[in-house]
Amino acid sequence: MSIWRWADRIDFIPESFRITLGEGNTPLVHLRKIGREAGMPNLFLKVEGGNPSGSYKDRFAAAAISGMIANGQKKCIATSSGNTGAALAAYCAAAGIECRIAIVEGAPAGKLRQMQAYGAHIARVRNFGMDAQTTQQVIGKLDEIGKRPGNALQISAYVHSPVGMSGVQSISYELVEQVPGGIDHVFCPAGGGGLCVAVARGFRTLVERGDLQRSPAVECVQPEGNDTIASQLKNGADHARAVSCTSQISGLQVASVIDGDLTVRECRASGGSGHLVSDQSVWALQKRLAREEGVFSEPAGVVALAGAINAAQTGLIRRDAVVVCLVTGSGFKDDAAIDRMIADDGCPMIEPAALSEW
């Protein structure tokens, strides 16, 4: 099973050029404890950490690298805060394609090691991801390199890599199968906004094909320190905005607009809005999610859930609505986040006899 079961809904790539590592078909988990406490009986998570490299970005990489194979391109030029780089490095390794990745300054060390394990060539770029001007400068330089013969620039955004992003739309196709009774809201974390766009477009595709009566409202959730899209969407603006990023949530530190304008348009058309959450609330909920529900998410993957709970508590959505939150990646990818979660715990050395006191 892979995203290619939806090949007729993904940008066309001949079957002989398609590559897969078994991405997609991730579980839907009902949050019984946290949902009950929040008064939300129909609260679900789409857990993407089980993908081959540990995040939803494998859906992107499968389509993007398949497109490169079809075009005879042998060198992947990319940017990443972690998950995109790991996914591209894995699929490039499987395809025999060279992979070079410019990394945002704040990317977790665990994600960098994962890219290197797959054989990618990587380098951190100072202020990349934190400062909008620097971010645009880096992307501009990489765009020039990506246009050289045999090269391709792969950034997980529609404005740069629409073929790869069409693979991410498979999330929506799976959700419709997993919740046949219908979904009211899908909450998505957003950095550059591409995930929100993919989910909204996936549902819209199904509506246009007559396979779905109506689209769920696609809700965009961002950290307060990276509010490029959420407030603009909520307040009725037509465009996203560049900011100086202060959030410490890895993966969502995207100071420039990227797919922000598309996100405003697509989410609003679906009936969705923008939501903001604090870094501290995300870290606290990350720990609860692991210890109360058994779901170990990276901090970015908890942002959507924090936004959904806040929306229900403030009356922005009905508490009995059917809500799905996207958990974008595994908690094992972020060592600092793990250290933060278990800072007050210990693992003492004891004698065998002491086990009788347990």
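Determine ³J(HN,Hα), in whole Hz, for all residues of segment 254-259 in sequence, where each value follows from phi through the Karplus function 6.51 cos²θ - 1.76 cosθ + 1.60 and θ = phi - 60°; x replaces Gly and Pro.
In residue order, the calculated couplings are 10, 6, 9, 6, 6, 8 Hz.
In segment 57-163, with Lys and Arg counted as +1 and Asp and Glu as -1 at Cβ, which of these residues, GLY96, LEU112, LEU142, has the Cα nearest the positive end of the dipole, that is, farthest along it?
Of GLY96, LEU112, LEU142, it is GLY96.
Please list 250-259, 90-99, 313-322 highest first by mean number of surrounding beta-carbon atoms within 10 Å per residue.
Top of the packing list down: 250-259, 90-99, 313-322.
Please give the charge dipole size of segment 108-257, origin at the Cα centre, charges +1 on K and R Cβ atoms and -1 on D and E Cβ atoms. Round to the nearest 20 debye.
Taking the Cα centre of segment 108-257 as origin, the dipole is about 540 debye.
Is there a quick way to get the dipole size of the chain? I mean about its Cα centre, with the Cβ of Lys and Arg at +1 and of Asp and Glu at -1; what is the value in debye to the nearest 20?
660 debye
Just going by the charge dipole of the chain, with Lys and Arg at +1 and Asp and Glu at -1 on Cβ, which of ALA311, GLY272, GLY225 is farthest out on the positive end?
Farthest towards the positive pole: GLY272.
Per residue of the chain, what 222 nm ellipticity follows from adding -39500 (n - 2.57) for every DSSP H run with n ≥ 4, rounded to the nearest 500?
Estimated from H runs of four or more residues: -12000 deg cm²/dmol.
Amide H neighbours of PHE128 under 5 Å, at least 5 residues apart or on other chains, H built in the peptide plane: list them.
Under 5 Å from the amide H of PHE128: GLU105.
Just want to confirm a number: the relative contact order over segment 179-250, from Cα pairs under 8 angstrom separated by 6+ residues, in percent.
Normalised by residue count, the contact order of segment 179-250 is 28 percent.
Could you run the Karplus curve 6.51 cos²θ - 1.76 cosθ + 1.60 with θ = phi - 60° over segment 331-344 and give me ³J(HN,Hα) per residue in whole Hz, x for Gly and Pro?
Result, ordered by residue: x, 5, 7, 10, 4, 5, 5, 5, 4, 5, 5, 10, 4, 9 Hz.
Which whole-number percentage describes the relative contact order of the chain, with Cα contacts under 8 Å and a sequence gap of 6 or more?
Across the chain, relative contact order equals 19 percent.
Pairs to check: LYS74/LYS111; LYS75/LYS287; LYS147/LYS234; LYS141/LYS234. Give those whose C-alpha atoms are more than 31 Å from each other in this structure.
LYS75/LYS287; LYS147/LYS234; LYS141/LYS234
No lab work stands behind these numbers, since they all come straight from the coordinates. Keep in mind it's a predicted model, so treat the numbers as computed, not measured. Don't worry about glycine lacking a Cβ; one is built from the backbone with ideal geometry, like all the others, and counts go over all protein chains shown.
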